[in-house]
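Working notes, structure below.
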Amino acid sequence: METVLESNKEYTLEGERLKIFTFPSPILKKKAKEVDVFDEELQELVKNMLYTMYLSPGIGLAAPQIGLSKRIFVIDTQYKRNKKINAEGNEEIEYSHFSPMVFINPVLETYGEIINWEEGCLSVPGVYEEVKRKEFVKVRYQDIHGKPQVIEAKELLSICIQHENDHLDGIIFIEKLSLIKRNLVTKKFLKKKKS
Ligand code: CO
């Protein structure tokens, strides 16, 4: 069966836009469960997760963020997004350079120096803070067909993988800040969310 993620097939932006759960939703605190069925339903889910990520727009999205407690996340740190005016004079978003990645049941090994990187999250919109993470990551995971894979990553992709993997363990990036910073950011975010 063909999927949107066959390497010989170009990705097409299509799917259903899913609701993103925001902090402090309880689903974001849960430890997600392993995926053991690799069927069409999973393919559909991944397609919709990618679609939701691109439209939001974000560079990563984990299943708990769409209310599903499963060990799945999608990433694309490469795509380009440009606003343009179409023939009718309306604003249109033009996407290019898609490079979707799907990680199922990932297991991470981080190594290297500790680095600071500014992060954001679709579940904590409007908040951008520097987080300390390891420089490199080696990930063992399963692809959409359940086939074991392994990759090593650095820079933005490494940070993104670590951030998304935290979601599978019920951890949001603001929890990695110092207690003072974390309280400040949380208070500010909740106040803004209420208003
Ligand atoms: Co996030």
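Alpha-carbon geometry of the chain: the Rg and the Dmax are 17.0, 51 Å, given in that order. Over every pair of different alpha-carbon atoms in the range 95-195, take the mean of 1/r and invert it; report that Kirkwood radius in Å. Here the Kirkwood hydrodynamic radius works out to 15.0 Å. Heavy-atom accessible area, probed at 1.4 angstrom with all protein chains present, ranks Ile93, Ile151, Ile114, Ile161 as Ile114, Ile93, Ile151, Ile161, highest first. Available extension along the chain between Ser178 and Ile27 is 52.0 nm, counting 0.36 nm per residue and deducting the alpha carbon span. GNM on the chain, alpha-carbon springs under 10 angstrom: the most fluctuating residue among Asn105, Asn48, Asn90 is Asn90. Looking at the range 24-62, which trypsin sites (Lys or Arg not before Pro) are DSSP coil and have at most 16 other C-beta atoms within 10 Å of their C-beta? Of the trypsin sites (Lys or Arg not before Pro), the ones in loops of the range 24-62 whose Cβ has at most 16 other Cβ atoms within 10 Å are Lys30, Lys31. Taking 0.36 nm per residue of sequence separation and removing the Cα-Cα distance, the Ser69/Ile85 pair yields an extension gain of 1.8 nm. Straight-line cross-link reach from Lys191 at under 28 Å between alpha-carbon atoms covers these lysines, not counting any fewer than eight positions away in the same chain: Lys19, Lys29, Lys30, Lys31, Lys132, Lys176, Lys181. Normalising the average separation of contacting C-alpha pairs (under 8 angstrom, six or more residues apart) by the number of residues puts the relative contact order of the range 26-194 at 23 percent. Phi-derived couplings, Karplus 6.51 cos²θ - 1.76 cosθ + 1.60 at θ = phi - 60°, listed residue by residue for the range 112-127: x, 6, 8, 10, 9, 9, 6, 10, x, 7, 5, 8, 10, x, x, 9 Hz, with x used for Gly and Pro.
The values are calculated or read from the model by the stated rules, or taken from the named source; none is laboratory data. The shown structure was predicted, so the numbers you read here are calculated from the model rather than taken from an experiment. No Cβ is skipped: glycine too gets one built from the backbone with ideal geometry, and neighbour counts run over all protein chains shown. Quick note on the areas: whole protein, heavy atoms, side chains included, nothing else; ligands and nucleic acids left out. Shrake-Rupley method; radii C 1.70, N 1.55, O 1.52, S 1.80 Å.
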